[in-house]
Amino acid sequence: MAGVVEFEKFPSGTLKVEKGFNLADLDPDSTPGYTGNKADGEALLSDLDGKLAELQEQLFAGSKFGGTKRVLLILQGMDTAGKGGIVKHVLGTMDPQGVQFKSFKAPTPEEKAYDFLWRIEKEVPAAGMMGVFDRSHYEDVLIHRVHGWADPKEIERRYAAINEFEARQTAVGTAVIKVMLNISNEEQKERLLARLDKPEKHWKYNTGDLKERAFWGDYMAAYQAVFTATNTEHAPWYVVPANKKWYARIAVQQLLLEALMSLKLEWPKAEFDVEAERRLAERS
């Protein structure tokens, strides 16, 4: 990639939550492992689109011949953190038939009648799929802790249930990538105001976002508790500074590339005589 500024240190090492991690110590405006500027980052994103798309196609193709590998990208973050931008700019070049996307909203009355993981289990990626959760089962510990909708004993039960659920996913060949897009309180304010300034962005604005801003400190404490309780070896957390949207996108792109490469994907071998089929095709 001549002329393209690459990561000096891969995000899987610099952004992974380790023992003793403190969310308050991570600057949302920083670009860990990357020394380039916005233009460099956008060039890198574009340069690696093809590689990411090729690996995703290999993942999908393998499932047609018995492969069981799959990927689940979990995107969490405060409102306006950039989850939609990640989906659009990082996964947008992938073959849509191999992408399984789900945006989890507030649970319906039917979903509330079951345990919190019931609706999640139905959306896990099938073999060969790139699964993406825009918000996820973590909402059921974050917002419930912040607003006291579940008592501490129930929250602890849910942490354990989440760990067991994710362990089951990795056991069947799923690479689980959990990303928290970390923006600052001030950056969120600017993004909310930007939505109000542009009529074409009004549809994105939710009046409830301002109410949740009042609980910012509580949400940060809830995220810290989540990292402590659910950061496991098979499904670690990555906290991505997200004030700079371009950095968040290349960081997540790199995390996906590393995860896909770790699966050691190969193109399926032809189950027919290639030369014989070529001769038939030439005579057709």
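The values are calculated or read from the model by the stated rules, or taken from the named source; none is laboratory data. All of these numbers come straight from a predicted model, not from anything done at the bench. Virtual Cβ from ideal backbone geometry, glycine too; neighbours counted across all protein chains shown. Surface areas here come from the heavy atoms of the whole protein model, side chains and all, with no ligands, DNA or RNA. Shrake-Rupley method; radii C 1.70, N 1.55, O 1.52, S 1.80 Å.
Odds and ends about this structure:
- The criterion of at least 2 residues that are under 24 Å from residue 14 (Cα atoms), of a type in the set (Gly, Ala, Ser) and open to solvent by less than 40 Å² (accessible area, probe 1.4 Å) is met by the following helices (runs of 4 or more DSSP H) wholly inside segment 182-249: 216-230.
- Considering only residues in segment 250-284 that are among the small types (Gly, Ala, Ser) and either touching a His at 6+ places or on another chain (Cβ under 6 Å) or not in a helix (DSSP H, G or I) (or both), the one that is surrounded by the most Cβ atoms within 10 Å (Cβ to Cβ) turns out to be 270.
- Count of residues meeting criterion [touching a Gly at 6+ places or on another chain (Cβ under 8 Å) and open to solvent by less than 40 Å² (accessible area, probe 1.4 Å)] in segment 32-69: 10
- Number of residues in segment 158-167 that are surrounded by fewer than 18 Cβ atoms within 10 Å (Cβ to Cβ) and under 24 Å from residue 216 (Cα atoms): the value is 1.
- Pairs with Cβ under 6 Å, 6+ apart, first in segment 76-101 and in contact (Cβ under 8 Å) with a residue 40 or more places away in the chain, second aromatic (Phe, Trp, Tyr): 76/138; 98/60
- Taking every residue in segment 1-20 that is under 21 Å from residue 49 (Cβ atoms) and pairing it with any residue that is among the hydroxyl-bearing types (Ser, Thr, Tyr) and part of a loop (DSSP other than H, G, I, E, B), at least 6 positions away or on another chain, the pairs with Cβ-Cβ distances below 6 Å are 7/34.
- One residue stands out among those in segment 101-127 that are among the small types (Gly, Ala, Ser) and either under 18 Å from the mean Cα position of the chain (by Cα) or closer than 25 Å to residue 86 by Cβ (or both): the one that is surrounded by the fewest Cβ atoms within 10 Å (Cβ to Cβ), which is 106.
- Checking each residue in segment 144-156 for being under 24 Å from residue 73 (Cβ atoms) and buried (at least 19 other Cβ atoms within 10 Å of the Cβ) picks out only 145.
- Any chance residue 82 is buried (at least 21 other Cβ atoms within 10 Å of the Cβ), modelled with pLDDT of 95 or more and on the phi > 0 side of the Ramachandran plot: yes
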